[in-house]
1. In this structure, does GLY169 turn out to be surrounded by fewer than 15 Cβ atoms within 10 Å (Cβ to Cβ), modelled with pLDDT of 95 or more and not in a helix (DSSP H, G or I)?
2. Given (1) in a loop (DSSP other than H, G, I, E, B); (2) modelled with pLDDT of 95 or more, where does ALA189 come up short, assuming only one miss?
3. Can you list the helices (runs of 4 or more DSSP H) found entirely within the stretch 68-149 that contain at least 3 residues being farther than 15 Å from PRO36 by Cα and not β-branched (Val, Ile, Thr)?
4. What pairs can you find where one residue is in the stretch 48-69 and under 22 Å from TRP152 (Cβ atoms), the other is of a type in the set (Lys, Arg), and their Cβ atoms are less than 7 Å apart, with a gap of 6+ or different chains?
5. Scan the stretch 66-93 for residues that are crowded, with 21+ Cβ neighbours inside 10 Å and at pLDDT below 90 and jot them down.
6. I need the full set of residues from the stretch 173-186 which are at pLDDT 65 or above and in a loop (DSSP other than H, G, I, E, B), in order please.
7. Quick check on my filter: what residues within the stretch 175-191 are without any contact (Cβ under 8 Å) to a residue 40 or more places away in the chain, surrounded by 12 or more Cβ atoms within 10 Å (Cβ to Cβ) and among the hydrophobic types (A, V, I, L, M, F, W, C)?
8. Would you check which residues across the stretch 22-65 are modelled with pLDDT under 95 and in a loop (DSSP other than H, G, I, E, B) and list them?
Amino acid sequence: MQGTADRIRRRIWQFFRGVTASVAAEELQRAAQFLPPAGLARFQQMPVDAQRHSLNVLTTLQGAGWDDADLAAAALLHDAGKLAAAKAGLTFNAWVRTALVLMEAFAPGLAARMAVEDVKSGWRYLLHVHLTHARIGARWAEADGCSPLTCWLIAHHQDKTGQADVVLGSLCSPEPQRSAEDRMRLLTALQWADSQN
């Protein structure tokens, strides 16, 4: 139960940071260093609190010594798939994200049972986006010109340990010059930095 309490405390802190979030022009310039033009445009479509979260993930990675352009781009776009909710006229704000974390903590699996892929299903579609945003974001990142490794990292950033390469099959297959061990190190770093923010 201690793990659940920690997650709830962290989410409450994230909520307060989210409702007061801002992004400076120089931070957008920093993001532009790692993203292709279409990827930067997608990043700027994200709500300000989501941009702030992604920039914080990037800062955490860089502060820990990670200097990989594919990882940096994945940090910036790992939650971009949540924009699918906005495209359906639904709001994926700090309130909703907090409620989803609490739902997962107190009723594991409920979101998956209630999620519906039909855009017209309202809040049930929002649950679907929450659960599948990694796949959605990876496809968009690929369409926006991000590297195959960036897309792979985005696609798998929500995977539990050992699931990567199994869950999504060939979606965004990374380039062969990166070893499976290297990909997993980068994925583990992204997941760690995401969990810190």
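The values are calculated or read from the model by the stated rules, or taken from the named source; none is laboratory data. Because the structure is predicted, anything quoted here is derived from the model rather than measured. Note that each Cβ is placed from the backbone with ideal geometry, even for glycine, and that neighbours are counted across all protein chains shown.
1. no
2. (1)
3. Hits in the stretch 68-149: 83-87, 94-106, 110-114, 123-143.
4. Once the first residue is under 22 Å from TRP152 (Cβ atoms) and sits in the stretch 48-69, its partners that are of a type in the set (Lys, Arg) give ALA50/LYS82.
5. Within the stretch 66-93, just PHE92 meets the criteria.
6. GLN177, ARG178, SER179
7. Of everything in the stretch 175-191, those that are without any contact (Cβ under 8 Å) to a residue 40 or more places away in the chain, surrounded by 12 or more Cβ atoms within 10 Å (Cβ to Cβ) and among the hydrophobic types (A, V, I, L, M, F, W, C) turn out to be MET184, LEU187.
8. Result: SER22, VAL23, ALA24, MET46, PRO47.
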